[in-house]
Amino acid sequence: MNDGSQEGDEPTGDASGTSVKDDETSDALVPPMFEFPDDVGAADSEFVQTVSTTLWAAVQVLFEQRLLQAPVLTVLLTDDIMGSADSEGTRIGIGPDRRSGVERVGGVVAGKALMSDDSTEAVVLISKETLGPNDGFAQLQTAIGLGHEFSHILYGAVRNATVGISPDRWLPWEMAEVMALEAAEEYRCDRLALLLIDPVITATDDRGERIALGAALGGSYIDGMTAALDAVSPGMEDTILRYRTHQITLQQMWNEVAKISEEILLYVSHAEAHSDLDDSLLLGTIEHRGESLLKPIATPLFRYLRTTSLLPDAGEWAEDRKSLKRIGRDGLMAMWGQLGLHPRPQGGSFYLEVRGPGSLRPDRGTAHTRAVQETGRRGGADGSVVTGTP
């Protein structure tokens with residue numbers, strides 16, 4: 001697990017109209033290059049080019065303010081995000097571990113940003129499925145998707161120039177730190193995208209009245225929140241129960257718990273970034289056992305993100321990442337502890353103690369408890385969890 005290349009997902013929803021304002025690109029700025037499938041219509045192609053050129057001009061100014069050279073950018077519309085990411089990643093020299101994405105609890109993968117290790121070349125992939133003729137909401141999704149992916153390029157370049165990319169991690173507490181870093185980047189890139197898009201796109205409701213961009217998309221994240229939280233409870237609890245009743249191995253159980261932990265945190269990051277609540281967290285307004293389990297990580301993480309810079313200054317990155325890692329480690333270890341999972345260091349690996357029955361949901365009754373010695377080489381949510389004998 002690392003916090004390198006990133007992808008964005010979009011909900012589904014409805015909005016009546018969008019309009020693109022005049023392109024204010026400077027002659028000194030370099031516009032993106034474009035690759036479109038043959039079946040993309042002229043109107044959609046023009047929309048993507050206009051929005052991309054305008055947004056990329058603004059992003060290049062931000063690069064200049066940080067005394068960084070913006071990469072050469074290609075915007076590619078595709079009906080196969082991950083397949084195109086694989087081929088484009090190979091072209092710009094990114095290793096496979098830096099371009100494979102994660103499955104999300106909610107939403108669909110609608111965009112992805114790739115950048116070469118030397119930050120000189122970048123590719124933004126946008127799903128052509130988000131576009132629709134004369135569809136204002138589809139245009140809004142596409143525009144915000146472009147802004148989000150452009151923000152990833154900026155965020156990643158600034159990060160790489162200061163603290164670098166976090167290396168692969170597999171010990172549970174290290175994975176927890178990286179999950180918090182990933183969630184923070186998604187939240188910040190969503191917020192940056194809204195700031196970039198606001199001067200460019202006007203969203204209106206069915207009465208022609210302007211509405212906030214975050215509100216236009218945020219409702220769909222709220223609508224999907226219950227299903228997303230179901231992946232935590234009863235989802236993760238049932239996964240642990242299946243291990244306790246000998247239906248799956250310890251490795252399979254930990255894989256699934258780690259995977260869902262990452263996915264739900266990313267989903268909530270998008271939802272909180274689009275929330276218009278000023279004094280409270282969106283997650284705190286939802287009555288769900290999954291919300292209670294997430295509280296040890298979600299509350300400190302998003303309170304911190306609401307009060308810190310979306311793009312830290314060069315001298316702030318080290319402390320920012322230290323704070324995020326601490327929040328992730330303490331919060332996710334506490335969440336896993338509520339589920340009865342207690343990993344701790346042992347040698348070069350870790351020992352995973354699975355306690356019960358107090359951590360089971362009340363309606364699940366009792367189950368036996370085992371502590372399991374882990375002795376392998378690797379672990380994580382990618383199928384290579386440390387091996388051991390239950």
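Out of 109, 75, 48, one residue alone is among the β-branched types (Val, Ile, Thr), crowded, with 18+ Cβ neighbours inside 10 Å and at pLDDT below 85. It is 109. Of the helices (runs of 4 or more DSSP H) lying entirely inside segment 224-331, not one carries at least 1 residues that are surrounded by 15 or more Cβ atoms within 10 Å (Cβ to Cβ) and touching a His at 6+ places or on another chain (Cβ under 6 Å). Among residues that are modelled with pLDDT of 90 or more and more than 21 Å from residue 193 (Cβ to Cβ), residue 64 is not included.
For segment 46-71, the candidate set comprises residues that are over 23 Å from the mean Cα position of the chain (by Cα), not polar (S, T, N, Q) and not in a helix (DSSP H, G or I); within that set, the residue that is nearest to residue 126 (Cα to Cα) is 68. Of all residues in segment 149-170, those that are surrounded by fewer than 18 Cβ atoms within 10 Å (Cβ to Cβ) have Cβ atoms under 6 Å from Cβ atoms of residues that are outside any loop (DSSP other than H, G, I, E, B) and of a type in the set (D, E, K, R), 6 or more apart or on another chain, in 163/321.
The number of residues in segment 284-338 that are in contact (Cβ under 8 Å) with a residue 60 or more places away in the chain and among the β-branched types (Val, Ile, Thr) comes to 3. Here the condition is being out of contact with any helix residue (DSSP H, G or I) (no Cβ under 6 Å at 6 or more places or on another chain), aliphatic (A, V, I, L, M) and within 30 Å of residue 33 (Cβ to Cβ); of 143, 161, it holds for 161 alone. Does residue 214 qualify as being under 27 Å from residue 59 (Cβ atoms), in a helix (DSSP H, G or I) and free of Cβ contacts under 8 Å to residues at least 12 places away in the same chain? No: the conditions fail for residue 214. If you go through segment 223-252 and keep only what is in contact with a Leu (Cβ under 7 Å, 6 or more places away or on another chain), closer than 30 Å to residue 273 by Cα and of a type in the set (Val, Ile, Thr), you end up with just 232. Cβ-Cβ distances below 9 Å connect the following pairs, each with a first residue in segment 259-280 that is under 14 Å from residue 230 (Cα atoms), a second residue that is at pLDDT 90 or above and polar (S, T, N, Q), and a separation of six or more residues or different chains: 260/239.
The values are calculated or read from the model by the stated rules, or taken from the named source; none is laboratory data. Fair warning: this is a prediction, and the values are worked out from it, not measured in the lab. Glycine also receives a Cβ, built like all others from the backbone with ideal geometry; neighbour counts cover every protein chain displayed.
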